[in-house]
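Chemist: Encoded as structure tokens, here's the structure I'll be asking about.
The values are calculated or read from the model by the stated rules, or taken from the named source; none is laboratory data. In this text the structure is predicted, and so the values were computed from the model without any measurement. Backbone-built Cβ (ideal geometry, glycine too); neighbour counts: all protein chains shown.
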Amino acid sequence: MKGNIDFQRNATANIERFWEKEAEKLDWFKPWDKVLEWKEPFAKWFVGGMLNASYLCVDCHLYSWHKNKVALYWEDEAGNTKAFSYFQLYREVNKFASMLKNLGVKKGDRVVLYLPMIPELTIAMLATARIGAIHTVVFSGFSSQALADRINDTSAEVLIAADFGIRRGKYIPLKDIVDEALKIAPIIEKVVVIKRTEEAINMVAGRDLIYSDLIKEADDYVEPVPLESSHPLYILYTSGTTGKPKGVVHSTGGYLAYIYATYKWVFDISDESVYWCTADVGWVTGHTSIVYAPLLHGATVLMYEGAPDYPNPDRWWEIIEKYGVTIFYTSPTAIKMFMRYGEERVKRFNLSSLKILGSVGEVINPEVWAWYYTHIGGERCPIVDTWWQTETGGIMISPVPGIELVPLKPGSATLPLPGIDAEVVDEDGKPVETGIKGHLAIRKPWPGMLMGLYKDPERYKEVYWSKFKGLFYTGDYAIKDEDGYFWLLGRTDEVLKIAGHRLGTAEIEGAVVEAPFVAEAAVIGTPDPIKGENIIVFAILKEGYEPADELKKEIIQEVRKQIGPIATPQEIHFVEKLPKTRSGKIMRRVLKTIIMGNPLGDLSTLEDEASVDEVKAVYEEFKQMMSGGA
Ligand code: PRX
């Protein structure tokens, strides 16, 4: 096998020929007429080709030994289990698809899925794809407001929900959250409720329907609809620098061809793999790694519902041992949490089935990498530190043990995948020298690339293609070392990473000012040893209000209501002024510098120095209070 770097160079020289060969590995109903139509910045891959994601993920496996092998194992924190063979999954997907058709869902319609980590989520996604509808999965930890925003943006008419989610032994009333959301998103005409508990739930006559009733009327088989390659497979909302989350649209053909190829290279995935990705399906990591990529490959997927350390911190190792997991994919935040519990606990389990370990979502520092490598991987399993984004659809920078394992450097995601032309550039879009920090940018389109932002082509152009001419802007800082390895250095913009979850400061500020007594707010992230970042809020109160703990609690409630518990602020500070530029922009950099205790640097654009003094004084007082001082 050729060295990875050579392979990569050859690939980027002629991306069309390269990706065409990869796409041929899928079972298309009709081949494409043209590999790539690139009307910068809009790419269409495999134009004219026809395929269906559900057909590729289930039907294709019925004609080999895969038919009766396990496609999906599911387990929850209480130890309840389910298993579906590929044939059983096929039956469930068909029935679900028939039910959607009976509800009037047609090709191109959007279906919102607000479900916890249960097998029906995978089934619903594949069923939606089967009939050519477009799924929008909304993470079940999001609040009613966040759900409503997404429903309204997609103008979906059908919503699939569960009665409850279950986490740390507690029932989370998802159906109640849906009812709240639909007060502000009345466009939904039908709600299908998957009941998993005996608890009573509110049912709205004519709108709400019970899944187990509907499925009785459903047919056993629904023809998978042949879809043109650029037909959207899904819309997934993600946070950006400004305003409301953006609806990232992924294609069917390009996306599937891309993730099929890259999961082979990165994870060496095969039909013998038992693949466990600990993300939630509500994020892109889950879409690609829990649903589409492993099922395309005929692997066995493990889906786990529950918190990592409940009912005890051994849960994950128990699961790896029990199912003989071969590929394990998680976030640095999770590993850091387990490091605190110590390796002695891990040693009690037989983790010898593991072959490859993955990391995603944030930078993995060398110490965490070493612990993961030694104590989970037994110094035997390569760690694939995979850099990618909701927008990229699949992994972009990572070691590729499925092709050839380059020497690993803990903390570096190593090299761009074959066919990916990544570069670190300066403010003018010119490549920087080795070892110099710059912006990570991508030079050529790739099949997994987002097709655009839902109903907003202008925003798509502006967010990703306006900063550098002809380059896709990732919003990440990186440096390239003397071996061409990429070292990711975090976001360049106002996006926070909390336990690997992506949240925009503007989005959180928008939630804070919903509190009736807040006039203005600024949000920053500060480093947290476990979850990456903490959310710190600075708020200016409206006239007539005095700072009080009660108001802080209300702000927290408001943020949880607007976004969800993942966005809960760690600290809230009341100030009378925020540091701003003369043109009125909040200088979050200054706020962060003060909190971090760093030198303030150039303040020439600051409008009013008194604002800095005030923030310093407020924070000093806070620190004293926290340390028990006067
Ligand atoms: O900042 C990068 C970080 O996560 C961002 C993308 O977040 P999201 O769209 O939620 O997708 C999550 C994972 C697919 C990136 O812009 N990120 C992701 N992977 C890594 C990373 N940062 C450092 N190293 C990684 N391996």
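Chemist: Looking at 151, 166, 160 in this structure, which one is aliphatic (A, V, I, L, M), touching a strand residue (DSSP E or B) at 6+ places or on another chain (Cβ under 8 Å) and surrounded by fewer than 24 Cβ atoms within 10 Å (Cβ to Cβ)?
Modeler: 166
Chemist: Take the stretch 202-255 and flag every residue that is of a type in the set (Val, Ile, Thr), buried (at least 19 other Cβ atoms within 10 Å of the Cβ) and out of contact with any Pro (no Cβ under 8 Å at 6 or more places or on another chain).
Modeler: 222, 225, 235, 248
Chemist: Could you list, in sequence order, the residues of the stretch 365-401 that are within 16 Å of the ligand (Cβ to nearest atom) and β-branched (Val, Ile, Thr)?
Modeler: 368, 383, 384, 386, 390, 392, 395, 397, 400
Chemist: For the stretch 441-478, which positions are in contact with a Pro (Cβ under 7 Å, 6 or more places away or on another chain) and among the basic types (Lys, Arg)?
Modeler: Result: 461, single match.
Chemist: While we're looking at this one, here's another question. Between 193, 249, which is in contact (Cβ under 8 Å) with a residue 40 or more places away in the chain and not in a helix (DSSP H, G or I)?
Modeler: On inspection, the qualifying residue turns out to be 249.
Chemist: Can you tell me how many residues within the stretch 325-364 are within 16 Å of the ligand (Cβ to nearest atom) and in contact with a Cys (Cβ under 6 Å, 6 or more places away or on another chain)?
Modeler: Number of matching residues: 3.
Chemist: Note down all Cβ pairs under 8 Å where the first residue falls in the stretch 530-558 and is farther than 30 Å from residue 365 by Cβ, the second is part of a helix (DSSP H, G or I), and they're at least six residues apart or on different chains.
Modeler: Filtered contacts from the stretch 530-558: 539/512; 539/555; 541/551; 545/551; 555/512; 558/511; 558/512.
Chemist: Report yes if some residue within the stretch 317-325 is crowded, with 22+ Cβ neighbours inside 10 Å and farther than 25 Å from residue 48 by Cα; otherwise report no.
Modeler: Yes, the stretch 317-325 contains at least one residue that is crowded, with 22+ Cβ neighbours inside 10 Å and farther than 25 Å from residue 48 by Cα.
Chemist: Can I ask one more? Are there strands (runs of 3 or more DSSP E) fully within the stretch 1-96 with at least 2 residues that are in contact with an Asp or Glu (Cβ under 6 Å, 6 or more places away or on another chain) and at pLDDT below 95? List them.
Modeler: No strands (runs of 3 or more DSSP E) qualify here.
Chemist: Can you work out which of the residues in the stretch 402-413 that are touching a residue at least 60 places away in the same chain (Cβ under 8 Å) and away from the ligand (no atom under 16 Å from the Cβ) is nearest to residue 278 (Cα to Cα)?
Modeler: Selected residue: 402.
Chemist: Going through the stretch 242-293 one residue at a time, which ones are among the aromatic types (Phe, Trp, Tyr) and either at pLDDT below 95 or under 19 Å from the mean Cα position of the chain (by Cα) (or both)?
Modeler: 255, 258, 260, 263, 267, 275, 276, 283, 292
Chemist: How many residues are over 21 Å from residue 100 (Cβ atoms) and crowded, with 22+ Cβ neighbours inside 10 Å when one looks only at the stretch 169-195?
Modeler: Total meeting the criteria: 1.
Chemist: If you don't mind, another one. Answer yes or no as to whether residue 67 is touching a His at 6+ places or on another chain (Cβ under 9 Å) and free of Cβ contacts under 8 Å to residues at least 24 places away in the same chain.
Modeler: Judged against the criteria, residue 67 is a match.
Chemist: Can you list the helices (runs of 4 or more DSSP H) lying wholly within the stretch 295-401 that have 2 or more residues being in contact (Cβ under 8 Å) with a residue 40 or more places away in the chain and among the β-branched types (Val, Ile, Thr)?
Modeler: 315-323, 332-341
Chemist: Another question, then. Which members of the stretch 282-310 meet the condition of being within 13 Å of the ligand (Cβ to nearest atom) and either closer than 19 Å to residue 164 by Cα or surrounded by fewer than 24 Cβ atoms within 10 Å (Cβ to Cβ) (or both)?
Modeler: Those that are within 13 Å of the ligand (Cβ to nearest atom) and either closer than 19 Å to residue 164 by Cα or surrounded by fewer than 24 Cβ atoms within 10 Å (Cβ to Cβ) (or both): 282, 283, 286.
Chemist: Same structure again: Condition first: farther than 17 Å from residue 586 by Cβ, near the ligand (Cβ under 9 Å from one of its atoms), charged (D, E, K, R) and surrounded by fewer than 23 Cβ atoms within 10 Å (Cβ to Cβ). Can you find one or more residues in the stretch 497-505 that meet it?
Modeler: yes
Chemist: Being out of contact with any helix residue (DSSP H, G or I) (no Cβ under 8 Å at 6 or more places or on another chain) and of a type in the set (Asp, Glu) is the filter; apply it to the stretch 469-495 and report the residue that is nearest to the ligand (Cβ to nearest atom).
Modeler: 476
Chemist: So, in the stretch 328-355, of the ones that are surrounded by fewer than 23 Cβ atoms within 10 Å (Cβ to Cβ) and touching a Pro at 6+ places or on another chain (Cβ under 8 Å), which residue ends up nearest to residue 272 (Cα to Cα)?
Modeler: 334
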